[in-house]
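Okay, structure first, notes after.
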Amino acid sequence: MTDKLTLANVKWKKFKFDSLFEIEKCKCNNASLLNKNIPEIPYVGATNARNGTMYFVKKEKKLITKGKCIVFVMDGEGSMGTSFYKEEDFIGSTTLSAGYNKELNKYNAMFLTTIMDQNKDKYNFGYKRNLTRLKKETILLPIDEVGEPYWALMEKIMRDIEEEVTPKESFIPHEITDKRELADIKWKSFRLGDIFKELIPGKSKGLVHLKEDGTIPYVGATNKNNGVLTFVEKVPKLTSRGNTIIFIRNGEGSMGYSVYKFEEFIATSDVTMGYNSHINKYTGTFITTVADKVRGKYNFGYKRNNNRLRNERLLLPEKGDGNPDWEFMEQYMKRIENELFETVENSKRYFQ
């Protein structure tokens, strides 16, 4: 029956969230007490990046939130009011709530969260998304003949989008040869200076000697826009080569972060570039996710100078010969890219 239906020829109805979901708060109120050295389960926080996953931690049974739910971000700068679907079990910050409905799957949940996020701007630090407000939120959904949410149609719409956009036209799925999960591999602590034999500080002392409105990224102490502050005209002696991880050593709110850059750029002296022949966008993204776990230890009284940066420790997959398992890291991130392609890019295209 759903084959002949579209969003244009069905009835729609407004539903309150508490009529759609069984809602419960997530349980972790102090992430610093979690064991990050045994990566068994995602720790999910107040971010709409990486589908909410901040990093991976050891399982703590009393803190686990069951998956197959929509996660509502209740607090957090830049992400308050957003939502995402979580298939797997996770440990979630108390700044999150989880909504359950037996009909939920990744397809109809993607439909729901795309609509939900259109209302995120009504929340701010003066008007937070508390549990009472969350339960009263409403969403307009297609309904079936008995007036219930048309779950099958929502799922079909999103599945049709997957088929409509031929991956080969814009994205060729990666061949995955290593399907191990993070809990299946060995991990080892590596000194950052041993992984990156080249750690080169940025060369620019500021924009005063540069011309803006150019074509080369000017990278500095920000974790937004993948580190790009603005664009400037190229100055060869200040230009750094790409395919590198940029470690932010200074800057309020961004000290301790890292970003991967593929293209060449000009960098401020607030950052340091790390080079390794095994780095590409996949291994680079994997490492920056791990490296960002240390950012909380830095502040303006304890800055991330070059010596401290060189001696930072990263917990990475270990191949068995004492070296990082670069192949696994690349395969793992390619697998995530395969999974996210349809659920993220296709939904954006459809609802524009």
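The values are calculated or read from the model by the stated rules, or taken from the named source; none is laboratory data. If you're wondering where the values come from, they're calculated on a predicted model, not measured in any experiment. Glycine also receives a Cβ, built like all others from the backbone with ideal geometry; neighbour counts cover every protein chain displayed. The accessibility values were calculated without ligands, DNA or RNA, using every heavy atom of the protein model including side chains. Shrake-Rupley method; radii C 1.70, N 1.55, O 1.52, S 1.80 Å.
Do the conditions hold for Lys303, that is, is it modelled with pLDDT under 85 and open to solvent by 30 Å² or more (accessible area, probe 1.4 Å)? Explain how you work it out, then say what you get.
Numbers: modelled with pLDDT under 85: yes; open to solvent by 30 Å² or more (accessible area, probe 1.4 Å): yes.
Considered against the rule, which asks whether it is modelled with pLDDT under 85 and open to solvent by 30 Å² or more (accessible area, probe 1.4 Å), Lys303 comes out as yes.
What pairs come up if the first residue lies in segment 302-320 and is farther than 25 Å from Glu330 by Cβ and touching a residue at least 12 places away in the same chain (Cβ under 8 Å), the second is of a type in the set (Ser, Thr, Tyr) and surrounded by 14 or more Cβ atoms within 10 Å (Cβ to Cβ), and their beta carbons are under 8 Å apart, counting only those six or more places apart or on different chains?
Arg304/Tyr298; Asn306/Thr272
For segment 25-54, what are the residues that are open to solvent by less than 40 Å² (accessible area, probe 1.4 Å), closer than 19 Å to Lys66 by Cβ and in a loop (DSSP other than H, G, I, E, B)?
Cys26, Leu34, Gly45
Which one of Thr215, Thr239 is hydroxyl-bearing (Ser, Thr, Tyr), open to solvent by 50 Å² or more (accessible area, probe 1.4 Å) and closer than 13 Å to Glu264 by Cβ? Show your work before the answer.
Numbers: Thr239 fails: open to solvent by 50 Å² or more (accessible area, probe 1.4 Å).
Result of the check over Thr215, Thr239: Thr215.
Scanning for something surrounded by 20 or more Cβ atoms within 10 Å (Cβ to Cβ), farther than 24 Å from Tyr332 by Cα, basic (Lys, Arg) and touching a Phe, Trp or Tyr at 6+ places or on another chain (Cβ under 7 Å), does segment 121-134 turn up at least one residue?
Checked segment 121-134: at least one residue is surrounded by 20 or more Cβ atoms within 10 Å (Cβ to Cβ), farther than 24 Å from Tyr332 by Cα, basic (Lys, Arg) and touching a Phe, Trp or Tyr at 6+ places or on another chain (Cβ under 7 Å).
Could you look through segment 131-153, keep only residues that are in a helix (DSSP H, G or I) and not hydroxyl-bearing (Ser, Thr, Tyr), and pick out the one that is farthest from Ala8 (Cα to Cα)?
First pass over segment 131-153, keeping only residues in a helix (DSSP H, G or I): 131-136, 151-153.
Cutting the leftovers down to not hydroxyl-bearing (Ser, Thr, Tyr) gives us 131, 133-136, 151-153.
Working: Leu131: 33, Arg133: 30, Leu134: 28, Lys135: 28, Lys136: 27, Trp151: 16, Ala152: 15, Leu153: 12 Å.
Ranking the candidates gives Leu131 first.
Only one of (1) open to solvent by 50 Å² or more (accessible area, probe 1.4 Å); (2) at pLDDT 95 or above fails for Phe90. Which number is that?
The single condition Phe90 does not satisfy is (1).
Given the condition in a strand (DSSP E or B) and under 20 Å from the mean Cα position of the chain (by Cα), answer yes or no: does some residue in segment 272-281 qualify? Break it down into steps so the answer makes sense when it comes.
Taking segment 272-281 as the starting set, the residues that turn out to be in a strand (DSSP E or B) are 272-275.
Next, from what is left, pick out any that are under 20 Å from the mean Cα position of the chain (by Cα): none.
No - not one qualifying residue is present in segment 272-281.
Which members of segment 60-85 meet the condition of being over 22 Å from Tyr123 (Cα atoms), open to solvent by less than 60 Å² (accessible area, probe 1.4 Å) and not in a loop (DSSP other than H, G, I, E, B)? Lay out the reasoning, then the answer.
At the first step, the residues of segment 60-85 found to be over 22 Å from Tyr123 (Cα atoms) are 60-68.
Imposing the further condition that a residue be open to solvent by less than 60 Å² (accessible area, probe 1.4 Å) reduces the set to 63-65, 67.
Those that are over 22 Å from Tyr123 (Cα atoms), open to solvent by less than 60 Å² (accessible area, probe 1.4 Å) and not in a loop (DSSP other than H, G, I, E, B): Leu63, Ile64, Thr65.
For the subset of segment 193-212 comprising residues that are open to solvent by less than 30 Å² (accessible area, probe 1.4 Å), aliphatic (A, V, I, L, M) and out of contact with any Gly (no Cβ under 7 Å at 6 or more places or on another chain), which member is modelled with the highest pLDDT? Break it down into steps so the answer makes sense when it comes.
So in segment 193-212, the residues open to solvent by less than 30 Å² (accessible area, probe 1.4 Å) come out as 193, 195-196, 199, 202, 204, 206, 210.
Keeping just the survivors that are aliphatic (A, V, I, L, M) gives 195, 199, 210.
Still in the running and out of contact with any Gly (no Cβ under 7 Å at 6 or more places or on another chain): 195, 210.
On the way: Ile195: 94, Leu210: 88.
Once the filter is applied, the top-ranked residue is Ile195.
If you check Asn119, Asn223, which single one turns out to be assigned to a loop (DSSP other than H, G, I, E, B) and either on the phi < 0 side of the Ramachandran plot or among the small types (Gly, Ala, Ser) (or both)?
Numbers: Asn119 fails: assigned to a loop (DSSP other than H, G, I, E, B).
One residue alone meets the criteria, Asn223.
Find the residue count for segment 22-51, including only residues that are in contact with a Gly (Cβ under 6 Å, 6 or more places away or on another chain) and β-branched (Val, Ile, Thr).
2
Identify the residue in segment 189-212 that is of a type in the set (A, V, I, L, M) and not in a strand (DSSP E or B) and, among all such residues, is farthest from Thr268 (Cα to Cα).
Checking each candidate, the answer is Ile195.
Hey, any hits in segment 287-294 for a residue that's farther than 19 Å from Asn37 by Cα and either modelled with pLDDT under 95 or open to solvent by less than 20 Å² (accessible area, probe 1.4 Å) (or both)? Write out each step before concluding.
We begin by selecting, within segment 287-294, every residue farther than 19 Å from Asn37 by Cα; these are none.
Among the residues of segment 287-294, not one is farther than 19 Å from Asn37 by Cα and either modelled with pLDDT under 95 or open to solvent by less than 20 Å² (accessible area, probe 1.4 Å) (or both), which makes the answer no.
Give the residues of segment 94-115 that are over 16 Å from Glu155 (Cα atoms) and either at pLDDT below 95 or β-branched (Val, Ile, Thr) (or both), sorted by residue number.
To start, the set of residues in segment 94-115 that are over 16 Å from Glu155 (Cα atoms) comprises 94-100.
Listed by number, the residues that qualify are Thr94, Thr95.
Report, by residue number, each residue of segment 286-320 that is under 19 Å from the mean Cα position of the chain (by Cα) and either in a helix (DSSP H, G or I) or at positive phi (or both).
Phe286, Ile287, Thr288, Thr289, Val290, Ala291, Asp292, Lys293, Val294, Arg295, Gly296
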